[in-house]
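These notes concern the structure reproduced below.
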Amino acid sequence: MPALRISELTIEYFQGGYSVRPVDAMTTEASDGELVLLLGPSGSGKTTLLSCLAGLLTPTSGRVAVGETEVTALEGNALAEYRRHGVGVIFQAFNLIPSLTARENVAAPMRLAGARRREANTRAEALLTRVGLKERMSHRPGELSGGEQQRVAIARALVHDAPLIVADEPTAHLDYVQVESVLELIRALAVSGRLVIVATHDERLTPLADRVIDLTPERTLAVGRREVRLAAGEQLFEMGDPADRVYVVDLGRIELFRPLGAGGEEFHAEREPGTYFGELGPLLGLPRSTSARALEDTVLTGFGPQEFRHWRAEKNDGA
C-alpha cells in the first residue's frame, strides 16, 4: 500500500470575495521512505496542498490517505490526534517561540500532548543532538543562525516520530552554506517508515528527490494570430483558465471581471478598440486572473506571445 494516496483532490477557497482553485482534481501517490518534491512557482498550490496533507485544511472534494488513515474523513478528536502524531510540519519561517530555548521549543509539542517535563526534555535533547545542535540547546531563536533555527524546527517536527513529514520551502531564508546542511538533513529523514514531502519552487533540488510532483500550470503557448468574433454577452475565457494568447480589441468592447464566491461579479476593467488584455498569463505562465466577455458585438485579434511582442514593438515604433 502506498504511504500517500491522493485521489481527485480539489481545493477551492475564497480570496477577496472571489474563488481561487489552486488544486484541481489532483490524483497521485508516493511510497514509504521517499523524498517527494512538490515543485511549482508561487501561487501553484504547494502550501495549500501541504496544509491539506497535514490536516490543517479541508479540501473541497477528493480524498487524502496517509497509510491506512483517510485524512479527509477525520473529524474532531481523531483529526486532532492525526495532526499531533500523524504528521510533522516544518514551516518556511521556522515558527519558533522567541522566548523559549531550542530545547523548550522542541519539547513544547510533547508537553502540550501531556508528556512529563523530564521525558519531553530528554526527547528534545536527543533530537537536537541528532540535528547537530548539542551545544546550542540552551540558546533562544534570536541567538541562532537561520540554518540553526531550521534545524530546531526539523527536530520539533520529529518529536512524535510521525510517518509523514511535510516541509514548506525549508531553505527559503537560508544562505547557500546553510542550505546544503539543511538539505542533507532533510534527505536523511526519508527512511523506511517515513515519507517526506517538500514544497519548493527551486528546480535545483530535483536531483535529491525520489519523486517530483510538478504543480506548474500547464502552459501551451499559441503561435501566430487569429481573429475572434464575439456576440454581445459572449464570454472569451474564464478566470483560472490556462492562458495562451494576448488579445487586441479591433472593434467593440470587452469587460474584464471576477466572479464572486457568494454570487455576483466584481468589475475589473474595460477594453476598447486599440487596447489589449490578457498579456501576463501567456507571458509569465499564469492562469487567467479575470474572466472576459463582450459588452457588444466585438472583433478581436488573438496573438501568440512572440507575435504580440512584435505587434507591440511595431505599434511603439509607429507612435
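Open to solvent by 40 Å² or more (accessible area, probe 1.4 Å) and at pLDDT 90 or above: does that describe Glu184? It is false that Glu184 is open to solvent by 40 Å² or more (accessible area, probe 1.4 Å) and at pLDDT 90 or above. For first residues located in the range 88-103 and touching a residue at least 12 places away in the same chain (Cβ under 8 Å), partners that are open to solvent by 70 Å² or more (accessible area, probe 1.4 Å) and of a type in the set (Lys, Arg) and lie 6+ apart or on another chain with Cβ distances below 6 Å form the pairs Thr101/Arg140. For residues in the range 24-39 being of a type outside the set (S, T, N, Q) and more than 22 Å from Gly88 (Cα to Cα), which is surrounded by the fewest Cβ atoms within 10 Å (Cβ to Cβ)? Filtering first and then ranking leaves Ala25. Checked against (1) closer than 27 Å to His201 by Cβ; (2) out of contact with any Leu (no Cβ under 7 Å at 6 or more places or on another chain), Ala115 meets all criteria but (1). Remark: pairs (first residue in the range 31-59, charged (D, E, K, R); second residue open to solvent by less than 10 Å² (accessible area, probe 1.4 Å) and in a loop (DSSP other than H, G, I, E, B); Cβ separation under 6 Å; 6+ apart in sequence or on different chains) = Lys46/Gly40. Could you please let me know if Thr58 is more than 23 Å from Arg211 (Cα to Cα), out of contact with any Asp or Glu (no Cβ under 6 Å at 6 or more places or on another chain) and of a type in the set (Val, Ile, Thr)? Answer is yes for this residue. State all residues of the range 83-112 that are assigned to a loop (DSSP other than H, G, I, E, B) and either closer than 24 Å to Thr200 by Cβ or open to solvent by less than 30 Å² (accessible area, probe 1.4 Å) (or both); if no residue qualifies, say none. Selection gives Phe91, Gln92, Ala93, Phe94, Asn95, Leu96, Thr101.
Does the range 218-235 contain any residue that is buried (at least 16 other Cβ atoms within 10 Å of the Cβ) and either within 26 Å of Tyr13 (Cα to Cα) or of a type in the set (Ser, Thr, Tyr) (or both)? Checking the range 218-235: not a single residue is buried (at least 16 other Cβ atoms within 10 Å of the Cβ) and either within 26 Å of Tyr13 (Cα to Cα) or of a type in the set (Ser, Thr, Tyr) (or both).
Among the residues of the range 280-296, those that are at pLDDT below 90 and either open to solvent by less than 50 Å² (accessible area, probe 1.4 Å) or in contact with a Cys (Cβ under 6 Å, 6 or more places away or on another chain) (or both) comprise Gly281, Pro282, Leu283, Gly285, Arg288.
Only one of the numbered conditions (1) among the aliphatic types (A, V, I, L, M); (2) within 30 Å of Pro305 (Cα to Cα); (3) without any contact (Cβ under 8 Å) to a residue 60 or more places away in the chain is not met by Met137, and that is (2).
Scanning the range 242-279 for residues that are open to solvent by 20 Å² or more (accessible area, probe 1.4 Å) and more than 29 Å from the chain's Cα centre (by Cα) turns up Asp250, Leu251, Arg253, Glu255, Glu270, Arg271, Glu272, Pro273, Gly274, Thr275, Tyr276.
In a residue-by-residue description of the range 167-180, the property of being at pLDDT 90 or above and on the phi < 0 side of the Ramachandran plot applies to at least one position. Taking residues in the range 292-319 that are free of Cβ contacts under 8 Å to residues at least 24 places away in the same chain, and partners anywhere that are in a helix (DSSP H, G or I) and crowded, with 16+ Cβ neighbours inside 10 Å, not one pair has Cβ atoms closer than 9 Å while being at least 6 places apart or on different chains.
When the residues of the range 44-74 are filtered to those that are over 24 Å from Thr290 (Cα atoms) and in a strand (DSSP E or B), the one that is most open to solvent (accessible area, probe 1.4 Å) is Arg63. Screening Ala80 on (1) under 30 Å from Tyr176 (Cα atoms); (2) open to solvent by less than 70 Å² (accessible area, probe 1.4 Å) shows it passes everything except condition (1). When Arg130 is tested against the conditions (1) closer than 28 Å to Lys46 by Cβ; (2) buried (at least 18 other Cβ atoms within 10 Å of the Cβ), the lone failure is (2). For Ala313, are the conditions met, namely being modelled with pLDDT under 90 and over 35 Å from the mean Cα position of the chain (by Cα)? Considered against the rule, which asks whether it is modelled with pLDDT under 90 and over 35 Å from the mean Cα position of the chain (by Cα), Ala313 comes out as yes.
The values are calculated or read from the model by the stated rules, or taken from the named source; none is laboratory data. Keep in mind the model is a prediction, meaning the values are calculated, not measured. Reconstructed Cβ throughout: ideal geometry from the backbone, glycine too, with neighbour counts over all protein chains shown. Only protein heavy atoms, including side chains, enter the accessible area calculation; ligands, DNA and RNA are left aside. Shrake-Rupley method; radii C 1.70, N 1.55, O 1.52, S 1.80 Å.
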